[in-house]
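Asks: I have a structure here, written as structure tokens, and I will follow up with some questions on it.
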Amino acid sequence: MITYEEPGSWLLTTPSSAYVVRLGPDGAPRCAHWGPRLTPGQARALPAGREELPGEGGERFGVAGLQVRYGDAVRGVEWRHLGHDTDTDTDTGTAGGGDGDGEGAAAHLVIRMADRHYPLEIDLHYRVRSGSDAIDRWTTLRNTGDEPITIPRCDSAAWTVPQREDYRLTHVTGGWGAEFQVRRTALATAETVLTSRRGHSGHHANPWVMLDAGDATEDHGEVWSAALAWSGSWRITVERDHDGRAGWSGGFGHEGVTWRLGPGEALETPAFTGVYSAQGFGGISHRWHDHVRRHVLPAPRRVRPVVFNSWEATQFDISQAQQMELAELAAGIGVELFVMDDGWFGGRTGETAGLGDWWPNPERFPDGLTPLVEHVKRLGMQFGLWVEPESVNPDSELYRTRPEWVLRQPNRHSTEVRNQLLLDFSRDDVADWAYDRLDELVTGDDVAFLKWDMNRPVTEAGDEVWVPYIRNVYAVIDRLRAAHPHLMIEGCASGGGRADLGMIARTDQIWTSDNTDAAQRIAIQHGYGQMYPACTMGAWVTDSPNAITGGRTPLAFRFHVAMAGALGIGGDLRRWSPEDLEEARHLVARYKEIRPVVHGGRLDRLADWAVQYTLDADVVVLSWRPTTLVRATAPLRLKGLDPDGRYRDEDTGEIRHGALLMSHGLPRPWPFEGVSELKRFTRVG
Ligand code: GLA
């Protein structure tokens, strides 16, 4: 709900938080409150605080989320209020296509501002939705004059947290095969920059941030957080000053990338969504998961099928007969969708050739994909394909015919990463080509699922490329979804290199990491799940020893880790014993029983090595002892049950008291590593 409290003051109310914006004496919009709910009377008593979009000019010496240069070399903005608009509409989901089953009424506030002298209008947008604690904020700039204006920086929003004695910063870091490692550190009295300059959101970081006052735990204490809906370069600068004030400003692009706003043109930033919780980091995750499931995902209620993916099993060494054999084995253990990964197209028999040539390799598939697709369908599964539409190998038909489509700069060396170049996706003709090729593939072979990969960063890109590139990636995916409402898309960039709210808004799941070692995956999933829900977290069971790490884990352990997300199978089933396949069949069947709870329920982290999902009367607990160093001996205490409720253990039939499950917990007499457990309880009274 958004209320206009008095001239120049607005109160945004969500189920458990409130946000107050007020025009300061200098005319600049400022944050007066972000925290627990307030009455209008309380909101009115608050003074204006830090700026909503701090710029340059006057006595501003902090981070400038808005940087402007006019033709006469004058910089900055002097704020003038033009008015405001509010409207309420029914939210029908973010991206086009899919089941479009987003829900709830949304209220949208636009505070319309302008420069006092120069022809620049600045709209500050706020959106809240009934039943959600998320507040979307973004900015639109408009050049209303007849000279270009240079914009070195336009953040989506700055967020201010209330003044506290101390602050802690939570974020994720990592690398390929090691994404989403949670870091929680004291916030320096300085500017701390979280950023990606890679043209994708990154393995080394992820575009979200959390601050607390140093006192929040998993279940208690105030936490303030925000995440950016952007899949290219980004920057979030967290600021803590000498007087103990803290907040952050964030938006698309990295430093040094400048926008030229021509006469009559507008620049709209992506949304930077904020969530506050007084229930600790667990409470923050609950709110983000709810928000993503209800308002971000294009088809949140769609059942995520159990996928088989061929990558680890066959790598580039693909043949029709071998894929058919894998499909038979996959169908036998209960797989619902068979995905052929890299190596099926053009001259792609290794990393050096073929990217860009999106037709079946004529030697490997002399009759096209139809025989394999028909085989997969006869086995009762849907069919999916891996694609990497933004890339091209110099050794490809596409490169030979369209060398001018490659992203490059004159007089500069073209950087190859994994032997590939990038197409200039900021060009509409390139985006149209990609759409046509993919549309043809999906239509021709009844493809139900695309794994959209991106295996290299953006290099040799001029200022004008970075933003339109991502917008065109979005546009191609959105067009595909609109034309093929049942198509599922998995977002991937060498694993979890492009996992963000922008990608999640137009995909069904994310390939979390190329590291499929179940013991190591626990930490990756722990970090991913801070922000993004389990239904989006692609997780495969692969072989032991693991192809990347060499780590060995029992089959049930591998399943129990992957069952905490959107389960897939990525092992070479031809090498699994009949006993393994039989055990896998049982575990897939169990997964299908718990899938609605894992994907639709509330996630509670019971420990670093245990998660609980709760949906209405159903409770699922997955716990693992990945190494003997984890002291997994204390009882595992469940969360969020009704203390007066009675819960049936679905394996033993035993009836347990909610109060005891929460206070005394489940015993963990696990002496060694490699042990794992799946428990199910149903509330019976
Ligand atoms: C990336 C992906 C992998 C696989 C390969 C194929 O690395 O993350 O899952 O699809 O590309 O080349």
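Asks: Which fully enclosed strands (runs of 3 or more DSSP E) of the stretch 604-685 have 2 or more residues being closer than 18 Å to His526 by Cβ?
Replies: On the way: elements: 610-615, 618-625, 646-649, 655-657, 675-683.
By residue number, 610-615, 618-625, 675-683.
Asks: Can Arg668 be described as in contact with a Ser or Thr (Cβ under 6 Å, 6 or more places away or on another chain) and within 23 Å of Tyr591 (Cβ to Cβ)?
Replies: The answer is yes for Arg668.
Asks: Something else: Just one of (1) within 33 Å of the chain's Cα centre (by Cα); (2) at pLDDT 95 or above; (3) not charged (D, E, K, R) trips up Gly100, so point out which.
Replies: Gly100 satisfies all of (1) within 33 Å of the chain's Cα centre (by Cα); (2) at pLDDT 95 or above; (3) not charged (D, E, K, R) except (2).
Asks: Would you check which residues across the stretch 111-124 are surrounded by fewer than 19 Cβ atoms within 10 Å (Cβ to Cβ) and farther than 21 Å from Gly71 by Cβ and list them?
Replies: Result: Arg112, single match.
Asks: Of the conditions (1) over 19 Å from Pro305 (Cβ atoms); (2) charged (D, E, K, R); (3) more than 13 Å from the chain's Cα centre (by Cα), Asp500 fails just one. Which one is it?
Replies: Asp500 satisfies all of (1) over 19 Å from Pro305 (Cβ atoms); (2) charged (D, E, K, R); (3) more than 13 Å from the chain's Cα centre (by Cα) except (3).
Asks: Are there any pairs, at least 6 apart or on different chains, whose C-beta atoms fall under 7 Å, with the first in the stretch 424-451 and buried (at least 17 other Cβ atoms within 10 Å of the Cβ) and the second among the polar types (S, T, N, Q) and in a strand (DSSP E or B), and if so, which?
Replies: As it stands, the answer is Ala448/Gln382; Phe449/Gln382, since those pairs meet every condition given.
Asks: Okay, moving on. For the stretch 308-409, give me every one of the helices (runs of 4 or more DSSP H) that falls completely inside it and has 2 or more residues that are touching a Lys or Arg at 6+ places or on another chain (Cβ under 7 Å).
Replies: 320-332
Asks: Further question on the same structure: Looking only at the stretch 312-352, how many residues end up being within 16 Å of the ligand (Cβ to nearest atom) and crowded, with 18+ Cβ neighbours inside 10 Å? Full working, then the answer.
Replies: In the first step, residues of the stretch 312-352 are kept if they are within 16 Å of the ligand (Cβ to nearest atom); the result is 312-318, 323, 326, 337-352.
Then drop every residue that is not crowded, with 18+ Cβ neighbours inside 10 Å, which leaves 312-314, 318, 323, 326, 337-346, 348.
Qualifying residue count, the stretch 312-352: 17.
Asks: I've got another one for you. For the subset of the stretch 478-513 comprising residues that are part of a loop (DSSP other than H, G, I, E, B) and within 12 Å of the ligand (Cβ to nearest atom), which member is surrounded by the fewest Cβ atoms within 10 Å (Cβ to Cβ)?
Replies: Within the stretch 478-513, the match that is surrounded by the fewest Cβ atoms within 10 Å (Cβ to Cβ) is Ser494.
Asks: Restricting attention to the stretch 160-200, which residues are in a strand (DSSP E or B) and farther than 30 Å from Pro36 by Cβ?
Replies: Thr173, Gln181, Thr195, Ser196
Asks: Given the options Ala43, Ala48, Ala32, name the one that is over 22 Å from Asp290 (Cβ atoms) and touching a helix residue (DSSP H, G or I) at 6+ places or on another chain (Cβ under 8 Å). Step through it out loud before you land on a result.
Replies: On the way: Ala43 fails: touching a helix residue (DSSP H, G or I) at 6+ places or on another chain (Cβ under 8 Å); Ala48 fails: touching a helix residue (DSSP H, G or I) at 6+ places or on another chain (Cβ under 8 Å).
One residue alone meets the criteria, Ala32.
Asks: What's the number of the only condition in (1) touching a His at 6+ places or on another chain (Cβ under 9 Å); (2) exposed (fewer than 14 other Cβ atoms within 10 Å of the Cβ); (3) not small (Gly, Ala, Ser) that Arg605 fails to meet?
Replies: So the condition that Arg605 fails would be (2).
Asks: Would you point out the residue of the stretch 173-212, among those that are of a type in the set (Ser, Thr, Tyr) and over 17 Å from the mean Cα position of the chain (by Cα), that is surrounded by the most Cβ atoms within 10 Å (Cβ to Cβ)?
Replies: Among them, the one singled out is Thr192.
Asks: Kindly establish whether Gln530 is away from the ligand (no atom under 16 Å from the Cβ), of a type outside the set (Asp, Glu) and out of contact with any Cys (no Cβ under 6 Å at 6 or more places or on another chain).
Replies: Numbers: away from the ligand (no atom under 16 Å from the Cβ): yes; of a type outside the set (Asp, Glu): yes; out of contact with any Cys (no Cβ under 6 Å at 6 or more places or on another chain): yes.
Against the criterion (away from the ligand (no atom under 16 Å from the Cβ), of a type outside the set (Asp, Glu) and out of contact with any Cys (no Cβ under 6 Å at 6 or more places or on another chain)), Gln530 qualifies.
Asks: Filtering the stretch 19-47 down to residues that are among the small types (Gly, Ala, Ser) and over 19 Å from Val110 (Cβ atoms), which residue is surrounded by the fewest Cβ atoms within 10 Å (Cβ to Cβ)?
Replies: For the stretch 19-47, the residue satisfying everything is Gly41.
The values are calculated or read from the model by the stated rules, or taken from the named source; none is laboratory data. This structure is a prediction, so every number in the text was calculated from the model and none was measured. Every residue, glycine as well, gets a Cβ built from its backbone with ideal geometry; the counts of neighbours run over all protein chains shown.
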